[in-house]
1. Take the residues of region 24-38 that are touching a helix residue (DSSP H, G or I) at 6+ places or on another chain (Cβ under 8 Å) and farther than 12 Å from residue 82 by Cα: which is surrounded by the most Cβ atoms within 10 Å (Cβ to Cβ)?
2. Kindly indicate the residue of region 86-115 that is closer than 18 Å to residue 74 by Cβ and surrounded by fewer than 17 Cβ atoms within 10 Å (Cβ to Cβ) and also modelled with the lowest pLDDT among those meeting that condition.
3. Take residue 91 and decide whether it is in contact (Cβ under 8 Å) with a residue 12 or more places away in the chain and more than 28 Å from residue 58 (Cα to Cα).
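The values are calculated or read from the model by the stated rules, or taken from the named source; none is laboratory data. None of these values were measured; they are calculated from a predicted model. Every residue, glycine as well, gets a Cβ built from its backbone with ideal geometry; the counts of neighbours run over all protein chains shown.
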């Protein structure tokens, strides 16, 4: 029974994450107006619907009776970390955005341990810089303002 609950939470988190990505990416396009809808409206609407379905899937199967209960701390931590990354990637750079993603997602863990979390966040931030900017040559800015 626990396996089914964890699978439902994982499926809901994955669907919600994809929806968040679609909504954030869709916001980069023009929305238009009611008479002339732009190319950004469909991805945003589908993203919001996917986030809603992801939350519903994750919450629905989390209790044996199918009641709408879920570990809200974990959901808030995961979605909060994705939101922080989406906001910080352009305003602060790849390294701070990755650090914030790992740090905020770590708060969702039941046994919060600050030292391993800070070490993990630092190591993953360095690896993201080395892999995405140095090795792959993607046009990310490591730190905004440090050119």
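1. 26
2. Once the filter is applied, the top-ranked residue is 110.
3. yes
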